[in-house]
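What follows draws every value from the coordinates through simple rules; no lab data is involved. In this text, all values refer to a predicted model and were calculated from it rather than measured experimentally. Cβ coordinates were reconstructed from backbone atoms using ideal geometry, including for glycine residues, and neighbour counts include every protein chain displayed.
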Amino acid sequence: MNKYLLTGLFALLTSPALAHLPPEQHGSFLAGVSHPLFGLDHIIAMVAVGIWAVQIGGKAVWAVPAGFVGAMALGYFGGIMGLPLPFVEPMILASAIIVGLLATFAVKPSLAAGVGIAALFGLFHGHAHGSELGAAQALTFGLGFIAATAALHAIGVIAAQLVARVLPYGPRILGAVSALLGLSLIFG
């Protein structure tokens, strides 16, 4: 059988992919957990926040991710309430690139500035989650994506700490990879 005919046949038999778990089937918490995990822009930005927090050092290792998560929760409630926030998707993509660049160049602002930058981007991520709530129950969905976000930040922190033990410039390399992956989403 012709390989193009076979490929076309399989394409006709497939069903569309779903980007998120439907809350009616999996529950609102798991739908919330899955939400940031199905968006590469979200994953890149959240891991990059953890990487950058390690580079700032000290209290920033927990405060920068906490600032992101706290502002994300505020943005989430704003999204649920229908409050307008311009440029949500471009800012989410920008967060992946900018935080990746901050990690690439090991920018070490004051703790307040680092938390503020992370919080700014967290606000946009949260608004996107709130705007896309759909049929999910708000509290459990919110707790789910907060848990997933915290886990992604922790992955960034752990990866940066482990890589730095072997290669002092390793976190910078991870930041560069984050920024490049974010840029690739613009052109991909």
Charge dipole of the chain about the Cα centre (unit charges at C-beta), most positive-ward option of 183, 76, 164: 164
The chain, dipole about Cα centre (Lys/Arg Cβ +1, Asp/Glu Cβ -1), debye to the nearest 20: 540 debye
Relative contact order (percent, whole number), the stretch 27-187, Cα cutoff 8 Å, 6+ residue spacing: 43 percent
Projected label distance in nm at residue 167 and residue 147, using a 7 Å step from Cα toward the beta-carbon: 3.4 nm
Kirkwood Rh in Å, taken over the stretch 100-166 so that all alpha-carbon pairs contribute: 14.0 Å
Gained length - residue 87 relative to residue 113, 0.36 nm times residue gap less alpha-carbon distance: 7.2 nm
Neighbourhood net charge (15 Å Cβ-Cβ; Lys/Arg +1, Asp/Glu -1) for residue 121: -2
